[in-house]
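All remarks here apply to the structure that follows.
The values are calculated or read from the model by the stated rules, or taken from the named source; none is laboratory data. Predicted model only: the values in this text are computed from it and were never measured. Here the Cβ positions follow ideal geometry from the backbone for every residue, glycine too, while neighbour counts run over all protein chains shown. These accessible areas exclude ligands, DNA and RNA; they are computed on the full protein's heavy atoms, side chains included. Shrake-Rupley method; radii C 1.70, N 1.55, O 1.52, S 1.80 Å.
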Amino acid sequence: MSHVLAAVAWPYANGPRHIGHVSGFGVPSDVFARYMRMAGHDVLMVSGTDEHGTPIQVQADAEGVSPRELADRYNRVIVEDLHGLGLSYDLFTRTTTGNHYAVVQELFEGMYRNGYIVPKTTMGAISPSTGRTLPDRYIEGTCPICGYDSARGDQCDNCGNQLDPVDLINPKSKINGETPKFVETEHFFLDLPALADVLRRWLDGREGWRPNVLRFSRNLLDDLQPRAITRDLEWGVPIPLDGWRERGDKRIYVWFDAVIGYLSASVEWARRSGDPEAWRKWWSTDGEGKDSRAYYFMGKDNIVFHSVIWPALLAGYSGEGAKDGEPGRLGRLNLPTEVVSSEFLTMEGRKFSSSRRVVIYVRDFLERYDADALRYFIAVAGPENNDTDFTWAEFLRRNNDELVAGWGNLVNRSISMAAKNFGAIPEIDPAGLTEADEALLAVARAGFATVGDLIARHRQKQAIGEAMKVVAEANRYLSEQAPWKLKDEADKPRMGTILHVALQVVSDANTLLTPFLPHSAQKVHELLGGTGVHAPMPQIQQVDDLDGGPAYPVLTGDYTVGARWESVPVEAGRPLAAPKPVFRKLDPSIVDEELARLTG
Ligand SMILES: [Zn+2]
């Protein structure tokens, strides 16, 4: 057993989640965490909503609400979306907690003391008519990179690059249209060049990463520049240095605070668990955390923050860069074991876009379809290694031909036949098992090693393919053995044996599919006469802020219960009832209905 951190990218709290958001890393990180727990590891899975920064401030301004009110609204919506999918976070929190502020400021101070955060004079914008600082979001101009004419002072929404207001071509104040004046102002920068060597050594020691992620990360190291980590902005974490703490117009940049969320959420989880130091088991490079492993899950547009920025912060805080230094009070911290980046999901051949209505929100999807139907599609056809396309026709086909006709059919026919003829799980005939019986049981047992190893190496498409092969073998076995023909009293012991074997394989296949399809796995467990929790589910809990702020909802759960990753013998004589179907066959008309919704 070892300690495994599953660190999942933080969704930005400016709207509900769509299925593109959850298919790249949301569901895959849950599959990984569920499997690792079943295999006996001590998993800590954390994330939360990312709530600071200009876009939320801009959206709040437009709606006439405070940024906190906007963040509250979407924090709750996102918590409900992720809950609906059964994502088993130990803690899904947010970045506006007192705990998060304290951990961010601790990392800032530690890095500053070690010399990896340095002040630098840059050009900042002021309004010539009032003489006051102009926050980044109130400056607009042409993007120097792509030429987009409505780029904001800190970011271009067209090409996605981070910008500095002074670089905008033809900058204008959005408040009154005047041309801002640029004067010298001080900001803080992350000294990335001083951390380049430690990052390179760390990357050189990585094994098993998806090759494109490793290549991309190495290339980023070739041109590391100091990077601004504070902005002219009121909405964010205050700068924890004398003379800066009380200033209302300068804040820590949102990407710097959000990436620290992995650590602050772990600390918050520990404080809530009753052992405030327990987070160290997943983070400390010495002592109890020494053998821990940390896996980070995100979309490909976020690789730089996880393979360069975050390890740079951890190394700088630990005092491991070219300027040396001493670790702060949190001690030396583990760098990522693996950065697991996914590609993008498109939708009917187009990019997801809320504004152009090319979107399916998680909540709308779950109103009409089951969570496991989506989880299945993501597992077999999601953007693991390539951009992939969601189409309703393909969703229908996967659901009806594979989930319902393959797995659902196996569960349904084997359990109903046993219930009808025996009322319970039948016994194995004293005459023993045939070669065909033994062969099928062996295929199912072998699945535990194969499927488990593939999930552990983030090859989930192959993993679910192997699990579904067991299902296909079992369906073939039933067709060949045709137990329904053994109606004579003399044949009944053989019929019982076949159904016992089939139910054993249903039980094994159900365990193999549990990380992917936890909701239906619980149902199949109960259909087999099992009791108790087979696949634990997250819960939404309203909690108090540990440091006196307002209460908020979190996702959490007790995942110490549930099935282990092993074949458990089914018990002859355990009563069975006629099953209700586990999966829903969908009518082909949903394709046209959904496409009509899409075009509005
Ligand atoms: Zn641009």
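A few points about this structure:
- Strands (runs of 3 or more DSSP E) fully within the stretch 1-103 counting 1 or more residues that are among the basic types (Lys, Arg): 91-94
- So Gly205, is it over 20 Å from Ile303 (Cα atoms), without any contact (Cβ under 8 Å) to a residue 40 or more places away in the chain and open to solvent by 20 Å² or more (accessible area, probe 1.4 Å): no
- Restricting attention to the stretch 130-155 and to residues that are out of contact with any strand residue (DSSP E or B) (no Cβ under 8 Å at 6 or more places or on another chain) and within 13 Å of the ligand (Cβ to nearest atom), the residue that is farthest from Ile303 (Cα to Cα) turns out to be Gly147.
Yes/no matrix, rows are residues, columns are (1) hydroxyl-bearing (Ser, Thr, Tyr); (2) open to solvent by less than 60 Å² (accessible area, probe 1.4 Å):
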position: Gly548; (1), (2): no, no
position: Tyr552; (1), (2): yes, yes
position: Leu555; (1), (2): no, yes
position: Tyr559; (1), (2): yes, yes
position: Gly562; (1), (2): no, yes
position: Glu571; (1), (2): no, no
position: Glu593; (1), (2): no, no
position: Leu598; (1), (2): no, yes
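- Here the stretch 243-257 is the region considered, the condition is being open to solvent by less than 10 Å² (accessible area, probe 1.4 Å) and in contact with a helix residue (DSSP H, G or I) (Cβ under 9 Å, 6 or more places away or on another chain), and the residue that is nearest to Pro311 (Cα to Cα) is Phe256.
- Selection status of Leu107, buried (at least 24 other Cβ atoms within 10 Å of the Cβ) and within 30 Å of His519 (Cβ to Cβ): no
- The stretch 157-207, residues that are within 16 Å of the ligand (Cβ to nearest atom), among the hydrophobic types (A, V, I, L, M, F, W, C) and not in a helix (DSSP H, G or I): Cys159, Leu163, Leu168, Ile169
- Output for the stretch 369-382, where each listed residue is open to solvent by less than 10 Å² (accessible area, probe 1.4 Å) and not in a helix (DSSP H, G or I): Gly382
- Note on the stretch 383-433: residues that are in contact with a Lys or Arg (Cβ under 6 Å, 6 or more places away or on another chain) and part of a helix (DSSP H, G or I) total 2.
- Per the conditions (1) open to solvent by less than 40 Å² (accessible area, probe 1.4 Å); (2) away from the ligand (no atom under 16 Å from the Cβ); (3) free of Cβ contacts under 8 Å to residues at least 24 places away in the same chain, the sole criterion not satisfied by Asp222 is (1).
- Test result for Arg459, touching a residue at least 40 places away in the same chain (Cβ under 8 Å) and open to solvent by 60 Å² or more (accessible area, probe 1.4 Å): yes
- First in the stretch 1-15 and of a type in the set (Ser, Thr, Tyr), second anywhere and assigned to a loop (DSSP other than H, G, I, E, B), Cβ under 7 Å, 6 or more apart: Ser2/His41; Ser2/Asp291; Ser2/Ser292
- Flag if Phe583 is surrounded by 23 or more Cβ atoms within 10 Å (Cβ to Cβ), in contact (Cβ under 8 Å) with a residue 24 or more places away in the chain, in a loop (DSSP other than H, G, I, E, B) and touching a Leu at 6+ places or on another chain (Cβ under 7 Å): yes
- Inclusion of Leu512 among residues that are in contact with a Gly (Cβ under 6 Å, 6 or more places away or on another chain), assigned to a helix (DSSP H, G or I) and not hydroxyl-bearing (Ser, Thr, Tyr) is warranted.
- In the stretch 134-154, the residues that are over 11 Å from Leu233 (Cβ atoms) form Cβ pairs under 6 Å with partners that are open to solvent by 10 Å² or more (accessible area, probe 1.4 Å) and within 9 Å of the ligand (Cβ to nearest atom), at six or more places apart or across chains, as follows: Ile145/Cys159; Ile145/Asn161; Cys146/Asn158; Cys146/Cys159; Tyr148/Asn158; Asp149/Thr142.
- Subset of the stretch 522-551 that is without any contact (Cβ under 8 Å) to a residue 40 or more places away in the chain and among the small types (Gly, Ala, Ser) - its residue that is nearest to Ile428 (Cα to Cα): Gly530
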